[in-house]
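Here the structure is laid out as structure tokens; the discussion comes afterwards.
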Amino acid sequence: MHDHDTEVVTTNRHVLAWVGEMAELTKPDRIVWCDGSESEQRRLQALGEAEGWLRALNPKKLPGCFAARSNPNDVARVEHLTFICTPTKEEAGPTNNWMAPDQAYAKLRALYDGAMAGRTMYVVPYLMGPPGSPLAKVGIELTDSPYVVLNMRIMARMGQVAMDQLGDGDGFNRGLHSMSDLSAERRFICHFPQDNTIWSIGSNYGGNVLLGKKCLALRIGSYLARQEGWFAEHMLILGAESPEGETTYVAAAFPSACGKTNFAMLIPPERYNGWKIWTVGDDIAWMRVGEDGRLWAVNPENGYFGVAPGTNFNSNANAMKTIAKDTLYTNVAVSDDGDVWWEGLDNEPPENLTDWQGRPWKKGSPDKAAHPNSRFTAPMTNNPFLSPFVNEPRGVPISAIIFGGRRATTVPLILESFNWTHGVYMGATLGSETTAAATGQVGIVRRDPMAMLPFCGYNMGDYFAHWLRMQGELRFPPKIFMSNWFRKDESGKFLWPGYGENMRVLKWVIDRARGRATRRETPLGFIPRLSDLDLVGLDVTPEQVEHALRVDRDEWRAELESAGTFFETLAPRLPKALEMQRQLLLAQLG
Ligand code: GTP
Ligand code: SPV
Ligand code: MN
């Protein structure tokens with residue numbers, strides 16, 4: 001049954017035995033070992049076109065680009081169908097869905113039985129992290145979806161490089177994915193941290209099925225990180241280089257569809273002539289303490305799976321350049337001449353489009369042409385400002401961490417913590433309005449600790465304890481901040497222009513981290529005085545900036561109460577230091 005039609009051949013008996021066992025269960029007609037080569041990619045693209053789920057785009061406008069559509073019932077992560085299968089429910093904790101491992105294996109085994117009959121099983125070896133990095137991890141994903149293979153080839157380092165890192169060993173993540181019948185009733189994303197195993201079935205979308213990303217790099221990753229003393233976080237990593245050539249690295253956790261890709265690819269406004277923002281990563285950071293006592297971060301990924309709507313040459317020109325070639329689009333609208341379109345690309349859509357569901361769409365139609373969670377999958381090497389250190393095995397040293405949410409009220413543009421414990425409190429109580437990145441209601445404020453609510457692979461209380469404990473390992477802990485680009489005025493308009501103008505806030509963060517800028521104290525932390533921010537050339541009044549920075553006592557009393565309610569759900573594993581921090585802030589508010 002083994003059909004080694006490409007170059008990746010392994011003698012690793014652990015891999016061979018496991019692939020054999022999974023093939024016996026899922027019963028594919030054929031097994032293809034993927035090598036990540038261009039010829040393999042071309043074969044799968046041709047297959048997609050022949051099967052009708054993939055469309056080649058205009059090679060003059062978008063060379064090497066394709067558009068895919070997913071099943072309309074399958075357009076986002078499914079948090080209610082995502083399970084952490086630890087031996088005890090307590091280990092998964094109150095913020096995760098839990099199933100006992102035996103029960104989950106049995107339930108999914110029945111669904112996988114024969115699920116690949118008539119299909120091809122692709123064996124996808126991949127590496128997360130720079131080759132040779134102490135943090136790099138090998139995964140193998142078995143999937144019956146050529147769409148997944150095409151995405152994995154962009155998002156991870158795929159093929160021989162992974163097999164080389166693995167050698168003869170058993171140290172690889174075992175990922176099994178089948179689209180099955182794409183029915184939401186038979187859709188499950190199950191994680192078995194003790195077995196370094198992921199079983200995903202019934203979906204063919206993004207974070208549900210690209211198993212290296214959220215499943216391995218965050219859920220399994222965070223579980224391992226706690227055991228081994230490092231961090232696996234839902235964070236972008238950027239390097240800000242000054243005109244004098246000083247580069248400061250910043251990591252930032254914003255919840256899904258809250259601005260990580262945009263911040264990581266920031267283009268400084270004219271006022272910041274000579275500044276360069278280098279992208280190390282746009283979604284995930286793996287961080288460890290270096291021998292020098294600093295925090296060092298790598299991006300485990302190899303590409304960007306970014307939100308399309310809202311992306312344009314004004315908001316994110318680097319992203320636009322990044323997705324101009326060799327990019328796989330999902331659920332965007334396509335014009336008759338093979339160009340892409342989405343809401344927020346420009347105000348002038350073509351007269352006619354094919355919408356994200358494949359239906360004809362006319363300009364002026366009230367329906368969205370692109371799905372709000374439509375995405376691009378693009379190789380990071382397309383990014384004109386890709387950090388030259390992105391493949392550095394030890395990573396880059398982090399000077400500041402920002403936790404940011406999407407909040408119409410309450411949370412100031414930027415707030416610096418008093419100390420590490422307060423910073424961890426800020427992250428732990430991060431609130432944000434829900435977005436289209438997950439199925440469910442959009443625009444509801446929920447607690448999304450460290451932007452990890454959907455991604456923490458164990459008990460959230462233990463996760464907070466891990467964050468607190470790591471301070472003891474860090475001789476030079478990064479300074480921790482909280483941000484909010486999304487505060488609105490009384491008429492519902494954003495108070496802060498955001499995007500490139502966030503450079504002005506970033507500059508203050510960098511200067512604070514390096515002990516250079518001044519600040520003003522509030523009961524809840526430090527904020528910049530207006531004079532601490534460079535506002536020259538900004539199309540916003542000082543009053544608006546004051547409003548964006550405001551700390552309102554009544555709003556914050558409610559915010560602290562809400563954090564207290566959240567903490568109650570985490571008892572008894574919530575570290576006492578965090579509840580004490582909350583009491584302290586309440587007392588400070590007076
Ligand atoms: P995931 O990939 O889901 O983890 O999301 P992300 O955090 O990378 O989000 P992304 O940068 O793709 O931004 C999501 C949405 O927020 C897009 O529609 C952006 O246009 C919008 N956005 C990003 N930055 C800003 C900002 O500074 N201000 C405002 N108002 N909107 C922003
Ligand atoms: C997110 O939802 O945070 C994403 C997209 O980055 S997905 O890969 O679908 O999880
Ligand atoms: Mn994300």
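Would you confirm whether any residue within region 187-199 is farther than 30 Å from Leu415 by Cα, in a helix (DSSP H, G or I) and either within 16 Å of ligand 2 (Cβ to nearest atom) or not acidic (Asp, Glu) (or both)? Step through it out loud before you land on a result.
At the first step, the residues of region 187-199 found to be farther than 30 Å from Leu415 by Cα are 187-199.
This time we only want the ones that are in a helix (DSSP H, G or I), so: 193-195.
Still in the list and also either within 16 Å of ligand 2 (Cβ to nearest atom) or not acidic (Asp, Glu) (or both): 193-194.
Looking through region 187-199, at least one residue is farther than 30 Å from Leu415 by Cα, in a helix (DSSP H, G or I) and either within 16 Å of ligand 2 (Cβ to nearest atom) or not acidic (Asp, Glu) (or both).
Can you list residue pairs whose Cβ atoms sit under 7 Å apart, with the first residue in region 483-503 being in the same structural domain as Gly537 (by TED's automatic domain parsing) and among the small types (Gly, Ala, Ser) and the second being modelled with pLDDT of 95 or more and within 10 Å of ligand 1 (Cβ to nearest atom)? Count only pairs 6 or more apart in sequence or on different chains.
Ser483/Gly404; Ser483/Val505; Gly498/Trp485; Gly500/Leu266
Of all residues in region 261-279, which are within 16 Å of ligand 2 (Cβ to nearest atom) and touching a residue at least 60 places away in the same chain (Cβ under 8 Å)?
From region 261-279, those within 16 Å of ligand 2 (Cβ to nearest atom) are 261-265, 279; that's our starting set.
Once the filter is applied, which keeps residues that are within 16 Å of ligand 2 (Cβ to nearest atom) and touching a residue at least 60 places away in the same chain (Cβ under 8 Å), region 261-279 yields Asn262, Phe263, Met265, Thr279.
Please return the ranges of strands (runs of 3 or more DSSP E) entirely within region 417-506 where 1 or more residues are surrounded by 21 or more Cβ atoms within 10 Å (Cβ to Cβ).
Numbers: elements: 431-433, 445-447, 479-483.
So the answer is 431-433, 479-483.
Kindly evaluate Asp102 against the criterion of being over 30 Å from Arg446 (Cα atoms) and touching a Ser or Thr at 6+ places or on another chain (Cβ under 9 Å). Explain how you work it out, then say what you get.
Working: over 30 Å from Arg446 (Cα atoms): yes; touching a Ser or Thr at 6+ places or on another chain (Cβ under 9 Å): no.
No, not satisfied.
Do the conditions hold for Leu218, that is, is it in the same structural domain as Ala104 (by TED's automatic domain parsing) and within 24 Å of Phe481 (Cα to Cα)?
On the way: in the same structural domain as Ala104 (by TED's automatic domain parsing): yes; within 24 Å of Phe481 (Cα to Cα): yes.
So Leu218 passes the test.
Just to be sure before I move on: is Ala217 out of contact with any Ser or Thr (no Cβ under 8 Å at 6 or more places or on another chain) and either in a strand (DSSP E or B) or more than 16 Å from ligand 3 (Cβ to nearest atom) (or both) in the structure I sent? Show your work before the answer.
Details: out of contact with any Ser or Thr (no Cβ under 8 Å at 6 or more places or on another chain): yes; either in a strand (DSSP E or B) or more than 16 Å from ligand 3 (Cβ to nearest atom) (or both): no.
Criteria not met by Ala217.
Residues checked against (1) over 26 Å from Gly423 (Cα atoms); (2) surrounded by fewer than 23 Cβ atoms within 10 Å (Cβ to Cβ); (3) near ligand 2 (Cβ under 10 Å from one of its atoms); (4) at pLDDT 95 or above:
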position: Val209; (1), (2), (3), (4): yes, no, yes, yes
position: Arg219; (1), (2), (3), (4): no, no, no, yes
position: Ala232; (1), (2), (3), (4): no, no, no, yes
position: Leu236; (1), (2), (3), (4): no, no, no, yes
position: Ala240; (1), (2), (3), (4): no, no, no, yes
position: Pro243; (1), (2), (3), (4): yes, yes, no, yes
position: Glu246; (1), (2), (3), (4): no, yes, no, yes
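May I ask you to verify whether Arg516 is under 30 Å from Pro397 (Cα atoms), part of a loop (DSSP other than H, G, I, E, B) and without any contact (Cβ under 8 Å) to a residue 40 or more places away in the chain? Full working, then the answer.
Details: under 30 Å from Pro397 (Cα atoms): yes; part of a loop (DSSP other than H, G, I, E, B): yes; without any contact (Cβ under 8 Å) to a residue 40 or more places away in the chain: yes.
Taking the combined requirement at face value, the residue satisfies it.
Out of Ala333, Ala324, which single residue is in contact with a Leu (Cβ under 6 Å, 6 or more places away or on another chain) and more than 15 Å from ligand 3 (Cβ to nearest atom)? Walk me through it before giving the result.
Values: Ala324 fails: in contact with a Leu (Cβ under 6 Å, 6 or more places away or on another chain).
Every option except Ala333 fails the conditions.
Hey, could you check region 87-132 for residues that are of a type in the set (Val, Ile, Thr) and over 25 Å from the mean Cα position of the chain (by Cα) and say which is farthest from Met380 (Cα to Cα)? Explain how you work it out, then say what you get.
From region 87-132, those of a type in the set (Val, Ile, Thr) are 88, 95, 120, 123-124; that's our starting set.
Cutting the leftovers down to over 25 Å from the mean Cα position of the chain (by Cα) gives us 88, 120.
Numbers: Thr88: 39, Thr120: 29 Å.
Among those residues, the one meeting the criterion is Thr88.
Which ones in region 363-394 are within 22 Å of Ser256 (Cα to Cα), part of a loop (DSSP other than H, G, I, E, B), more than 16 Å from ligand 2 (Cβ to nearest atom) and touching a strand residue (DSSP E or B) at 6+ places or on another chain (Cβ under 8 Å)?
Here is the first cut: in region 363-394, the residues within 22 Å of Ser256 (Cα to Cα) are 368-380, 383, 386.
Add one more test, that the residue is part of a loop (DSSP other than H, G, I, E, B), and what stays is 368-374, 383.
Now restrict to residues that are more than 16 Å from ligand 2 (Cβ to nearest atom): 368-369, 383.
Result: Ala369, Asn383.
Across region 188-203, which residue is surrounded by the fewest Cβ atoms within 10 Å (Cβ to Cβ) among those that are within 14 Å of Leu81 (Cβ to Cβ) and not hydrophobic (A, V, I, L, M, F, W, C)? Show your work before the answer.
First, pick out the residues of region 188-203 that are within 14 Å of Leu81 (Cβ to Cβ): 188-191, 198-203.
Filter once more, so that each one left must be not hydrophobic (A, V, I, L, M, F, W, C): 191, 200, 202-203.
Details: His191: 31, Ser200: 29, Gly202: 25, Ser203: 30.
So the residue we want is Gly202.
Among (1) in a loop (DSSP other than H, G, I, E, B); (2) surrounded by fewer than 20 Cβ atoms within 10 Å (Cβ to Cβ), there is one condition Pro397 misses while meeting the rest; what is its number?
(1)
Specify which of the listed residues (Leu578, Leu560) is surrounded by 15 or more Cβ atoms within 10 Å (Cβ to Cβ) and either hydroxyl-bearing (Ser, Thr, Tyr) or touching a residue at least 40 places away in the same chain (Cβ under 8 Å) (or both).
Working: Leu560 fails: either hydroxyl-bearing (Ser, Thr, Tyr) or touching a residue at least 40 places away in the same chain (Cβ under 8 Å) (or both).
Going through Leu578, Leu560 in turn, the sole match is Leu578.
Given (1) of a type outside the set (Gly, Ala, Ser); (2) farther than 22 Å from Trp467 by Cα; (3) touching a helix residue (DSSP H, G or I) at 6+ places or on another chain (Cβ under 8 Å); (4) surrounded by fewer than 23 Cβ atoms within 10 Å (Cβ to Cβ), where does Leu224 come up short, assuming only one miss?
With (1) of a type outside the set (Gly, Ala, Ser); (2) farther than 22 Å from Trp467 by Cα; (3) touching a helix residue (DSSP H, G or I) at 6+ places or on another chain (Cβ under 8 Å); (4) surrounded by fewer than 23 Cβ atoms within 10 Å (Cβ to Cβ) applied to Leu224, the lone miss is (2).
Take Pro449 and tell me if it is modelled with pLDDT of 95 or more, closer than 27 Å to Gly229 by Cα and within 16 Å of ligand 3 (Cβ to nearest atom).
Considered against the rule, which asks whether it is modelled with pLDDT of 95 or more, closer than 27 Å to Gly229 by Cα and within 16 Å of ligand 3 (Cβ to nearest atom), Pro449 comes out as yes.
The values are calculated or read from the model by the stated rules, or taken from the named source; none is laboratory data. Remember, it's a predicted structure, so these values are computed and weren't measured experimentally. Quick reminder, even Gly has a Cβ in these numbers, built from the backbone with ideal geometry, and neighbours come from all protein chains shown.
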